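Report on the structure given below.
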Amino acid sequence: MMDFHFSNDFFKNIDAMIYTCGYENCEPGHSYGPIMRNGYLIHYVLSGAGIYKARGKIFRLKAGDAFLICPDELIYYEADIHSPWTYTWIGMQGIKIKGYLERTSLPDNLVIHYGEDEELKLCHMKMAEANELSKNRDLMMNSILYEYLFLLVRKFPGQKPPVNEKPSCHVEEALQYIEDHYCDSITIQDIADYLNINRSYLHRIFKSYTGASIQSCLLDYRIRQACILLKTTSLSVRVIAHSVSYVDPLYFSRLFRQKMGVSPSEYRRNG
């Protein structure tokens, strides 16, 4: 297998999504950190050995082990000098990822052992294959993610029953409101008023569950819808801008370029 590294920061499934995955054959003593990440990552050791430091503990890992990195926790890991590890990783975000993982023993233990389990190993391999797709890569990767999460829950069940947290419901309702009203000139205050909660509280729980601000999510959703219209219709950029709530097409084009790296017209031509 060739080394690869995939990063997907735009086409987001609000429930659960793959935002990065990769494979690395490490040099002796290769290290990463100390650092904090903004999503959940699971590294699976294919061969060799290394150490993982988190929550004041040191885990000595070998082939068949997997370790979890949690958001906003200081971590460090390092390949063994004599037998450096080769590993793959899967990074995931979304408002339901935390709850899904809490159905497993991973958040408490941080480390699990796949052993001879071929189904879990296969999920990592399928991620590498999905990375080669030129179309609908995000859909394939997210389908593998759900399979992977199901296998983790089945094979490494947690002891705590799942909880239905009210903040999570607020986040889901906010996202639904964005989907229903993105074409209107809505503000974050409008969303908070709809949910009957404080705007600062909304910002705080949204950031906690999704890793992004609600303002960023609103912009992402509008740009995503604009991309669909640019690819599937012959509507002018002005009309598309209006369709996703931007009265000024020049302002819309500026935002679009900041997000996508090209102008709306270039995006349409490149498709």
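The values are calculated or read from the model by the stated rules, or taken from the named source; none is laboratory data. Note that the structure is a prediction, hence the values are computed from the model and not measured. Backbone-built Cβ (ideal geometry, glycine too); neighbour counts: all protein chains shown. Heads up: the accessible areas ignore ligands, DNA and RNA and are worked out on the full protein's heavy atoms, side chains in. Shrake-Rupley method; radii C 1.70, N 1.55, O 1.52, S 1.80 Å.
Pairs Lys155/Lys207; Lys96/Lys126; Lys135/Lys207: which are spaced more than 28 Å apart, C-alpha to C-alpha?
Over 28 Å Cα-Cα: Lys155/Lys207; Lys135/Lys207.
Would you work out if the stretch 6-96 is rounded, prolate or oblate? Take a ≥ b ≥ c from the square roots of the eigenvalues of the alpha-carbon gyration tensor; rounded if a/c is under 1.5, else prolate when a/b is larger than b/c, oblate otherwise.
On the way: a/c = 2.32, a/b = 1.67, b/c = 1.39.
Prolate, since a/c reaches 1.5 and a/b exceeds b/c.
Farthest toward the dipole's positive end in the stretch 126-221, which of Ser216, Gln189, Ser168, given Cβ charges of +1 (Lys, Arg) and -1 (Asp, Glu) about the Cα centre?
Ser168
What's the extension gain from Ala212 to Lys155 if we count 0.36 nm per residue and subtract their Cα-Cα distance?
Once the chain is fully extended between Ala212 and Lys155, it gains 17.4 nm.
Determine, from the Cβ-Cβ distance of Gln176 and Ser83 and an R0 of 45 Å, the FRET efficiency 1/(1 + (r/R0)^6), rounded to the nearest 0.05.
Efficiency, rounded to the nearest 0.05: 0.35.
Just to verify a number: FRET efficiency for Val262 and Cys169, C-beta to C-beta distance, R0 = 30 Å, to 0.05?
On the way: r = 37 Å, r/R0 = 1.24.
That gives a FRET efficiency of 0.20.
Report relative contact order for the chain in percent, whole number only (criteria: Cα-Cα under 8 Å, sequence separation at least 6).
16 percent
Under the rule of at least 5 residues apart or a separate chain, name every residue whose amide H is placed under 5 Å from the amide H of Gly158.
Thr104, Ser105
For a paramagnetic label modelled at 7 Å from the Cα of Leu74 toward its Cβ, which residues of the stretch 34-56 fall within the zone defined by backbone nitrogen distances under 17 Å?
The answer is 34-38, 52-56.
Starting from the residue with the highest accessible area, list Arg37, Arg257, Arg137, Arg60 in decreasing order, probe 1.4 Å.
So the residues, ranked largest to smallest area, are Arg60, Arg257, Arg137, Arg37.
What longest range of the chain stays clear of loop-exposed GluC sites (Glu not before Pro) (DSSP non-H/G/I/E/B, at most 14 other C-beta within 10 angstrom)?
Numbers: sites that count: Glu73, Glu116, Glu132, Glu165.
After excluding every exposed loop site, the longest remaining stretch is 166-271.
What Kirkwood hydrodynamic radius, in Å, does the chain give when the mean of 1/r is taken over all pairs of distinct Cα atoms and then inverted? Mind showing how you got there, number by number?
Values: mean 1/r = 0.0490 Å⁻¹.
Taking the inverse mean of 1/r over all distinct Cα pairs, the chain comes out at 20.4 Å.
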